[in-house]
Number of protein chains: 2
Amino acid sequence: MPDTVRLSLAEIRDLSTEVFVANGMSQSNAEIVAGVVTSAEADGTHSHGLFRVPGYVSSMQNGRVDGKAVPEVTDAAPALVAVDTKNGFSPPAVVAGRSLAIEKARSQGIAAMGLRNNGNLNALWWDVEQFGEAGLIAIAMSTTRSLVAPWGGDKALFGTDPIAFACPRAGKPPMGFDFATSAAARGEIMVAAREGHAIPEGWALDRDGNPTTDAKAALEGVQLPLGAHKGNAIIIMVELLAAGLTGGNFCFEADDQALEFGAIDGGPSNAGEIIILMDPGGYHGSFLARIEALFDRIMAQDGTRIPGDRRYANRARATEEGVDCPAILYQQILAMKTG
Amino acid sequence: MPDTVRLSLAEIRDLSTEVFVANGMSQSNAEIVAGVVTSAEADGTHSHGLFRVPGYVSSMQNGRVDGKAVPEVTDAAPALVAVDTKNGFSPPAVVAGRSLAIEKARSQGIAAMGLRNNGNLNALWWDVEQFGEAGLIAIAMSTTRSLVAPWGGDKALFGTDPIAFACPRAGKPPMGFDFATSAAARGEIMVAAREGHAIPEGWALDRDGNPTTDAKAALEGVQLPLGAHKGNAIIIMVELLAAGLTGGNFCFEADDQALEFGAIDGGPSNAGEIIILMDPGGYHGSFLARIEALFDRIMAQDGTRIPGDRRYANRARATEEGVDCPAILYQQILAMKTG
């Protein structure tokens, strides 16, 4: 058997949708979540692609996440939308609140959408890109589960708590980024453990609180914040905004709750997420022209690039050529088609 | 002559006010800016304290900053306040827009205040703390001048572009942080150069683009972003929000403009700043109680602390005992009393 299987984006989408529906997701939710899986594969962020499908399935099988959840959207204030994900997957909740959030950002100048009771950690780039395409600046932050020690400590308390950012551009797809505020994303360490790679120093401590470069020891131990005290402060900010403000679980609360279900899928329980939206038109009409001058200055130096450009290069290639999936993972997912 | 002079906070405030007025600042602006200098000294962030006074004076003397500027406040949208600092110092502009911004955040749930044409880079903690004390969560970002190379490059383009955050607490002062999104603040390197200390690796390149630990070589070279590509992405976000959205100068524009005045004071020219304000009451009533549970969990681990706690400890000590100022700096400032 070859090590990898080449799949087209359409095949990834159809397979994911079929597997999700066979295992208890509603058709409409499955189409949205499969779209996220497909986008992640296309963009080269495989840790949020097919790699996540078995975990999503097991989280429905063990009853921790409700694949048929119907998100509840509340008009919470003139510039606030609150969405209760109802213990379902978060992408359908983002879609449910999207049009109201866009309308508020455009009319008020700035708005926020808070999500609570998220059953999974989504690839946040997907959450913000759609607002960037609507002409808005978007910042998203999400809690996950307890995986990261506070700076100076050695026990898991915070999540890998990602921040994503998208900014519209004239005649081009949005620029932006999506990364963990821990030194590494969980998925990066999971992929290293699966493939037998070492991880850099500074990413994690082992179960005894000692620094480690062994990915498996890191998964049994605790991750570390990005950039010492600065990353630690940013992670606390994410917890306060994504969970504190929205009513979603702090990571330590999510962890306590997930343990009741065994949590073998590794996802968060009832996590929180905040998406802040700003309308550039409200401030300064020449915004789109001015930022191109900044991007030109960045690209005028050798060795630089605009955040997100590699993602779009990956996407163009994947659309043309498809994506290589590890054969073992592909067989595992195929076997889930019968539920 | 002793190396340091012990000054009370009242002496720092009175001296700064007198020197500012003697050198062209209006009395009302001088009282506000002197309050910032005093707060910075009290909190132990000396790089924004008396150390800045000579630069503020020279920036008025060379005509780059207007000490008598009267900020212009515009009600830009239901959730947006725009303030034109009119090429003055930024703290009076924050004060001018404050009550409208607070009112909007409370009524809309989220609001933003954008400042443009700032003549100096303020200690952003001062900007956000007052909103935290008003019960709001505040995030501030500001551009400075071109001091930092984009990731992969070796020429100054971005600023040290700080982010500050404040979150209200029940019965306690706000928690939060204020730091450069470059590996180090400019002031940290200036202090190291003044005192003859080496700086850590990863902070800067020298004028030839080589890594350096020599503070003076770093000041002649270029600083580096925090945490490689992640910090680089965050700096770009700060430029887009603080300057792009507000109409303030990007750092490279500020730099071009400052050079016309010689810029010996090292401050930015017509920089931008954005302050995002969120009302915790709008989302979740138990916010203040829930976040204390998170802080308790952090403090339950040995070696941890809540961001901002050292600042308050410094402030309590400074209020009681005063602050030590380098004698050379004190004499330099005293000599400016006659303008």
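The values are calculated or read from the model by the stated rules, or taken from the named source; none is laboratory data. If you're wondering where the values come from, they're calculated on a predicted model, not measured in any experiment. Note: ideal-geometry Cβ built from the backbone for every residue, glycine included; neighbour counts use all protein chains shown. These accessible areas exclude ligands, DNA and RNA; they are computed on the full protein's heavy atoms, side chains included. Shrake-Rupley method; radii C 1.70, N 1.55, O 1.52, S 1.80 Å.
Tabulated results
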quantity	calculated
Filter pass, A:LYS230 being part of a helix (DSSP H, G or I), at pLDDT 90 or above and surrounded by fewer than 19 Cβ atoms within 10 Å (Cβ to Cβ)	no
Of the criteria (1) open to solvent by 20 Å² or more (accessible area, probe 1.4 Å); (2) out of contact with any Ser or Thr (no Cβ under 7 Å at 6 or more places or on another chain), which one A:ASP206 fails	(2)
Extreme residue, nearest to the other protein chains (Cβ to nearest Cβ), among residues of segment B:307-330 that are surrounded by fewer than 20 Cβ atoms within 10 Å (Cβ to Cβ) and closer than 30 Å to B:GLU103 by Cα	B:ASP309
Members of segment B:151-184 that are under 19 Å from the mean Cα position of the chain (by Cα), more than 9 Å from every other protein chain (Cβ to nearest Cβ), not aliphatic (A, V, I, L, M) and not in a strand (DSSP E or B)	B:GLY159, B:THR160, B:ASP161, B:PRO162
Among the residues listed as B:VAL36, B:VAL21, the single one being closer than 27 Å to B:ARG145 by Cα and more than 20 Å from the chain's Cα centre (by Cα)	B:VAL21
Checking B:MET25 against (1) more than 27 Å from B:PHE177 (Cα to Cα); (2) of a type outside the set (D, E, K, R); (3) open to solvent by 40 Å² or more (accessible area, probe 1.4 Å), the condition it does not meet	(3)
Subset tally (residues that are among the polar types (S, T, N, Q) and touching a helix residue (DSSP H, G or I) at 6+ places or on another chain (Cβ under 8 Å)) for segment A:41-74	2
Test: B:SER90 is over 30 Å from A:THR74 (Cα atoms) and at pLDDT 95 or above	yes
Any hit, segment B:86-93, residues being touching a His at 6+ places or on another chain (Cβ under 8 Å) and among the hydrophobic types (A, V, I, L, M, F, W, C)	no
Residue list for segment B:279-304, filter: surrounded by fewer than 17 Cβ atoms within 10 Å (Cβ to Cβ) and either assigned to a strand (DSSP E or B) or charged (D, E, K, R) (or both)	B:GLU292, B:ASP296, B:ASP302
Which numbered condition B:ASP279 misses (of (1) modelled with pLDDT of 95 or more; (2) touching a strand residue (DSSP E or B) at 6+ places or on another chain (Cβ under 6 Å); (3) at the interface with chain A (Cβ under 10 Å from one of its Cβ atoms))	(2)
Filter result for A:THR213 (among the β-branched types (Val, Ile, Thr), away from every other protein chain (no Cβ under 14 Å), touching a residue at least 12 places away in the same chain (Cβ under 8 Å) and within 24 Å of A:GLU273 (Cβ to Cβ))	no
Segment B:216-235 - residue that is within 18 Å of the chain's Cα centre (by Cα) and of a type in the set (A, V, I, L, M) and, of those, nearest to the other protein chains (Cβ to nearest Cβ)	B:LEU226
Considering residues of segment A:1-22 that are part of a loop (DSSP other than H, G, I, E, B) and in contact with a strand residue (DSSP E or B) (Cβ under 9 Å, 6 or more places away or on another chain) only, the residue most open to solvent (accessible area, probe 1.4 Å)	A:ASP3
Any hit, segment A:120-134, residues being in contact with a helix residue (DSSP H, G or I) (Cβ under 9 Å, 6 or more places away or on another chain), of a type in the set (Gly, Ala, Ser) and over 20 Å from A:ASP43 (Cβ atoms)	no
Pick from segment A:198-212, criterion over 25 Å from the mean Cα position of the chain (by Cα) and either small (Gly, Ala, Ser) or outside any loop (DSSP other than H, G, I, E, B) (or both), ranking: nearest to A:ALA184 (Cα to Cα)	A:PRO211
Residue in segment A:147-162 that is more than 25 Å from A:ARG186 (Cβ to Cβ) and open to solvent by less than 10 Å² (accessible area, probe 1.4 Å) present	no
Single residue of segment B:103-150 satisfying the filter (away from chain A (no Cβ under 14 Å) and over 17 Å from the mean Cα position of the chain (by Cα)) that is farthest from B:MET175 (Cα to Cα)	B:ALA134
